[in-house]
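Contents: one structure, followed by commentary.
What follows draws every value from the coordinates through simple rules; no lab data is involved. The structure displayed is predicted, hence computed values, not measured ones. With ideal geometry, Cβ positions are generated from the backbone for all residues, glycine too; neighbour counts draw on all protein chains shown.
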């Protein structure tokens, strides 16, 4: 819950407002996992908080570590449904890739997650819970220490964030709060396949970085690769991106482009791509296709990817080729898919319901 919601709940229970601020700091600055850890509160207040609130983290059902240091957690939520979260360490930063939905409704043909049916949206608490759990495992408490390992968040895990906008926005506001984890909006990137009506809203509300899962520059091909294009075709998507709030050479849209052999990797495709994004502060993220069982595609050759990147760079755009991370544990881009393809049960409980402090 937000700081304001927490304050309202605490005062309604007859406690002074400052108790809410104490609790908030314990949760979001110190990673509270048990109310008994709150050494500056008396036992009666701790017991009252324990009766009112939960400090739940998602359960880790599988933890895999790649040879390159990437960590993937398969997480199970209270109703039995599952999603995956990935931590990607790099030399100067550590990026957490979080999920916004259980499953996905987009059915992108090159993406493993797209073969899994949508089960449900994740709550704001479940989205925040991924951040809390990662910080637990990485030893990043107290929040805000200079040497922290989690420095960036990307909403590029399972699901389409803009189909779950309200919960995603609430979670990101909590993570960005100066009284909490305090992660700058410049360190958060929201990736969308092109839910055009929500793009401007996300920019105005959150001001985070925007990434577009583009992958094709013709409507007929994008209809196949990214079927949401049938509802929001390229012309509408590009116009929404041109109008994204706060764009500048220092704050550019990232265009994600998976390199598929013989599908979207020709010189003609490159020229059309450059024409499409002309005039938009941009950088290109070229993604070597990551194979998964049953995939109908193959990755472009290294030579083809390098030639494509060189043309983009010559046109004046940064064009890093994403180094595949976590391939050996199916944690790379487009490989996420939970072990559970449907909700395994209904949310149940006995006794009085408690509010989730992470939500």
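Between 152, 209, 249, the GNM of the chain built on Cα springs shorter than 10 angstrom shows 249 fluctuating the most.
Calculate, for residue 310 and residue 62, the FRET efficiency according to 1/(1 + (r/R0)^6) with r their C-beta to C-beta distance and R0 30 Å; round to the nearest 0.05.
0.15
Find how much the distance from residue 278 to residue 8 grows on full extension, using 0.36 nm per residue of separation minus their present alpha carbon separation; answer in nm with one decimal. List each step's numbers first, then the result.
Working: separation 270, 0.36 × 270 = 97.20 nm, distance 4.88 nm.
Extra length from residue 278 to residue 8 when fully extended: 92.3 nm.
Our estimate of slack between residue 239 and residue 54, defined as 0.36 nm per intervening residue step minus the Cα-Cα distance, is 62.2 nm.
With helices as the sole contributors, the chain gives -9500 deg cm²/dmol at 222 nm; each DSSP H run of n ≥ 4 counts as -39500 (n - 2.57), and the sum is divided by every residue. A Förster distance of 30 Å, applied to the separation of the beta-carbon atoms of residue 177 and residue 200, puts the FRET efficiency at 0.80. When both bridge partners sit in the chain, DSSP labels roughly 45% of those beta bridges antiparallel. Of the peptides 36-47, 287-298, the order by per-residue mean of other Cβ atoms within 10 Å, starting with the highest, comes out as 287-298, 36-47. Axis of helix 124-138 versus longest Cα principal axis of the chain: the two differ by about 90°, to the nearest ten degrees. In this simple spin-label approximation, residue 318 and residue 120 carry label points 7 Å from Cα along the Cα→Cβ vector, and these lie 3.9 nm apart.
What shape does the chain take by its C-alpha gyration tensor, where a ≥ b ≥ c are the square roots of the eigenvalues and a/c under 1.5 counts as rounded, a/b above b/c as prolate, and the rest as oblate? Mind dumping the intermediate values first?
Numbers: a/c = 2.04, a/b = 1.83, b/c = 1.12.
Because a/c hits 1.5 or more and a/b exceeds b/c, the chain counts as prolate.
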